[in-house]
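Colleague: Sharing a structure below in structure tokens format, with a few things to ask.
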């Protein structure tokens with residue numbers, strides 16, 4: 001048993017604050033402004049000017065991709081092609097890899113203001129396949145070695161540009177599936193264990209991860225389930241299977257389906273293929289809907305009927321409307337009050353659709369970090385969308401419309417640091433869409449738990465819930481919005497115990513096997 005004294009921020013429905021919290025056997029047994037006599041003899045920690053909150057969560061990331069790219073080559077800080085070439089050569093010389101798989105190239109944050117092409121990669125003295133993933137996770141550039149290695153069927157797919165070595169849309173997804181299938185499972189597992197430690201550093205104790213990106217036999221799904229079962233720390237993983245094949249999900253007895261990749265309804269702004277109701281500025285291009293309405297509606301109706309919680313990727317307003325139509329028709333056929341169906345991203349939404357999404361009680365898993373994103377800056381968005389750029393990521397409008405908004409990172413696209421997301425949500429460049437600190441904290445705590453039916457056990461500091469908590473260096477409720485980036489996570493506590501880093505594969509498998517045996 002342990003007593004915490006100081007700034008206790010519950011993040012409950014009323015955003016109550018208290019002076020005392022008592023944890024026993026991993027759960028919260030008392031919270032209040034005075035300490036009951038029966039607790040006064042126990043170990044007490046005085047927080048002073050610090051604050052105790054529920055642990056953070058991330059409502060949308062691609063964890064296996066995040067873990068993989070974190071262990072390879074990060075190109076998000078590249079400022080010109082010369083630096084890019086130097087970094088690739090250095091990585092090749094130092095690591096001697098069989099394949100170079102790197103992440104983070106952008107046309108908007110470099111001097112040349114254009115995407116790298118195959119010819120530049122072929123100039124390098126690197127005699128192995130290279131794939132550079134774009135910062136938004138929706139396109140890649142490959143060299144000739146990689147292009148020749150890809151299955152021939154990819155050459156007939158939409159988004160395949162052989163001359164430039166650039167892959168978009170279906171060609172990109174198929175190529176990514178193929179390349180990730182070359183990653184060894186032990187290597188992936190080690191990377192994922194390190195990745196969980198990194199997320200813990202950000203104060204994250206729960207993630208909603210979208211998986212299913214081409215590993216043989218969907219091994220990324222199996223590994224995510226292994227992690228969920230056997231981690232040394234009680235880190236919470238909620239899995240969304242990125243497929244429209246409900247049989248695969250039901251066979252594994254998973255409760256959730258969707259995400260991006262196969263369940264993405266459109267592209268993204270970085271590739272100018274997010275599906276819009278009105279064309280991009282000075283063009284006839286309205287982006288791309290990957291599926292006809294009939295396909296999306298048939299999938300959503302079936303998944304909803306079979307009791308699965310659904311998540312659909314929709315960035316543009318036309319894609320958002322397609323998701324709305326599918327959800328509305330499924331709910332009319334099979335009404336369900338508390339479905340928790342989700343739209344991921346929701347970067348552009350019409351006023352009419354905001355109202356409809358609220359009426360349908362949808363969740364939007366938003367990415368506030370998109371608001372202040374060097375790799376896709378506001379100036380670029382204004383070139384694409386004109387005045388419409390001011391209405392992007394309308395977080396306040398979503399909340400006012402009755403939509404539950406949860407905070408995610410879309411990692412590896414942005415850094416999965418909730419403090420950066422909280423800052424961005426409170427400091428939106430459109431002040432009408434900025435939200436309060438209280439609302440932003442709820443986005444990354446209670447609303448994460450609510451998004452996967454976990455709010456009765458997690459997401460707020462209330463009696464009977466698990467003591468999944470963080471200690472921040474300051475009290476965010478007494479800060480100016482502009483200063484929120486000075487917040488730091490000093491400690492992550494899961495089930496009341498400090499998070500411990502450094503789990504090995506052997507310990508993971510041993511614990512998983514023990515739990516499986518005991519559950520029979």
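Please treat every number below as a calculation from the coordinates, not as lab data. In this text, all values refer to a predicted model and were calculated from it rather than measured experimentally. As a convention, Cβ positions derive from the backbone with ideal geometry for all residues, glycine included, and neighbour counts pool all protein chains shown.
Colleague: Summarise the long-distance tail of P(r) for segment 353-471 by giving the % of C-alpha pairs beyond 20 Å.
Modeller: Cα-Cα pairs in segment 353-471 separated by more than 20 Å: 46 percent.
Colleague: Here's a follow-up. So how much slack lies between residue 245 and residue 355, counting 0.36 nm per residue of separation and subtracting their Cα-Cα distance, in nm?
Modeller: Working: separation 110, 0.36 × 110 = 39.60 nm, distance 3.04 nm.
Taking 0.36 nm per residue and subtracting the Cα distance, the gain is 36.6 nm.
Colleague: Please report 497, 113 as a ranked list, fewest other C-beta atoms within 10 angstrom at the top and most at the bottom.
Modeller: 113, 497
Colleague: Kindly work out what percent of the DSSP beta bridges joining two residues of the chain are antiparallel, to the nearest 5. Mind showing how you got there, number by number?
Modeller: Details: 31 of 70 bridges.
Rounded to the nearest five, the antiparallel share is 45 percent.
Colleague: With r as the distance between the Cβ atoms of residue 164 and residue 95 and R0 = 25 Å, compute the FRET efficiency 1/(1 + (r/R0)^6) and round to 0.05.
Modeller: Details: r = 26 Å, r/R0 = 1.06.
Efficiency computed from Cβ-Cβ geometry: 0.40.
Colleague: I need the peptides 390-401, 161-172 ranked by packing, meaning the mean over residues of other C-beta atoms within 10 angstrom, with the highest value on top.
Modeller: 390-401, 161-172
Colleague: To continue, here is another question. I'd like the orientation of helix 185-201 relative to the chain: the angle between its Cα long axis and the longest Cα principal axis, in ° from 0 to 90, rounded to 10.
Modeller: 50 degrees
Colleague: For the chain, just run the numbers: alpha carbon Rg, then divide by 2.2 N^0.38 Å, N being how many residues it has.
Modeller: Working: Rg = 22.9 Å, N = 520, 2.2 N^0.38 = 23.7 Å.
Normalised Rg, Cα atoms only: 0.97.
Colleague: Turning to a different aspect of this structure: Any chance you could run the full-extension gain for residue 34 through residue 333? It's 0.36 nm times the residue separation minus the Cα-Cα distance, nm to one decimal.
Modeller: Gain on extension, residue 34 to residue 333, equals 102.5 nm.
Colleague: Estimate the FRET efficiency between residue 478 and residue 152 by the formula 1/(1 + (r/R0)^6), using the beta-carbon distance for r and 51 Å for R0, to the nearest 0.05.
Modeller: 0.25
Colleague: Hey, another quick one. For segment 295-357, report the convex hull volume of the alpha-carbon atoms normalised per residue, in Å³, without decimals.
Modeller: So the per-residue hull volume is 74 Å³.
Colleague: Could you state the orientation-averaged shadow area of the convex hull built on the Cα atoms of segment 153-199, in nm² to one decimal?
Modeller: Values: hull surface 17.7 nm².
Quarter of the Cα hull surface area: 4.4 nm².
Colleague: Compute the whole-percent fraction of alpha carbon pairs in segment 223-381 spaced more than 24 Å apart.
Modeller: Working: 4731 of 12561 pairs.
More than 24 Å apart: 38 percent of the Cα pairs in segment 223-381.
Colleague: Of 46, 273, how do they rank once you tally other Cβ atoms within 10 Å and put the fewest first?
Modeller: 46, 273
Colleague: Please give the length that would be gained between residue 119 and residue 282 if that part of the chain were fully extended, namely 0.36 nm times their separation in residues minus their C-alpha to C-alpha distance (nm, one decimal).
Modeller: On the way: separation 163, 0.36 × 163 = 58.68 nm, distance 2.97 nm.
Net length gain for the segment: 55.7 nm.
Colleague: If we restrict to alpha carbons, what Rg and Dmax does segment 1-158 come to, in Å?
Modeller: Expressed in Å, the Cα Rg and Dmax of segment 1-158 come to 25.9, 75.
Colleague: Quick check on segment 65-180: what does the Kirkwood estimate of hydrodynamic radius come out to from the alpha carbon pairs, in Å?
Modeller: Details: mean 1/r = 0.0712 Å⁻¹.
This gives a value of 14.0 Å.
Colleague: Also, I was wondering about something else. Please report the antiparallel percentage of DSSP beta bridges with both residues in segment 65-180, rounded to the nearest 5.
Modeller: Taking every DSSP beta bridge within segment 65-180, about 55 percent pair in antiparallel fashion.
Colleague: Ok, one more. Give me the percent relative contact order of the chain, please, defined on Cα pairs under 8 angstrom at least 6 residues apart.
Modeller: RCO, the chain: 19 percent.
Colleague: What relative contact order, as a whole-number percentage, does segment 46-112 give when Cα pairs under 8 Å and 6 or more residues apart are counted?
Modeller: Across segment 46-112, relative contact order equals 41 percent.
Colleague: Okay, moving on. By counting other Cβ atoms within 10 Å of each Cβ, how are 420, 382, 123 ranked from fewest to most?
Modeller: Values: 420 19, 382 15, 123 10.
Ranking 420, 382, 123 by Cβ neighbours within 10 Å, fewest first, gives 123, 382, 420.
Colleague: Could you work out how far apart the two model spin labels at residue 295 and residue 86 are, taking each label as a point 7 Å from the Cα in the direction of the beta carbon, and quote it in nm?
Modeller: Here the modelled spin labels are 4.5 nm apart.
Colleague: Calculate the length of the line joining the C-alpha centroid of segment 312-357 to that of segment 469-485, in whole Å.
Modeller: Computed from Cα coordinates, the inter-centre distance equals 33 Å.
Colleague: Further, regarding this structure: Round to the nearest 0.05 the FRET efficiency obtained for residue 25 and residue 272 when R0 = 56 Å and r is the Cβ-Cβ distance.
Modeller: 0.55
Colleague: Let me ask another. Rounded to a whole number, what is D in µm²/s for segment 172-313 from Stokes-Einstein with the Kirkwood radius over alpha-carbon pairs (10 °C, 1.306 mPa s)?
Modeller: 94 µm²/s
Colleague: Two decimals is fine: what's Rg over Rh for segment 220-290, C-alpha atoms, Kirkwood radius as Rh?
Modeller: Details: Rg = 17.5 Å, Rh = 14.7 Å.
Dividing the radius of gyration by the Kirkwood radius yields 1.19.
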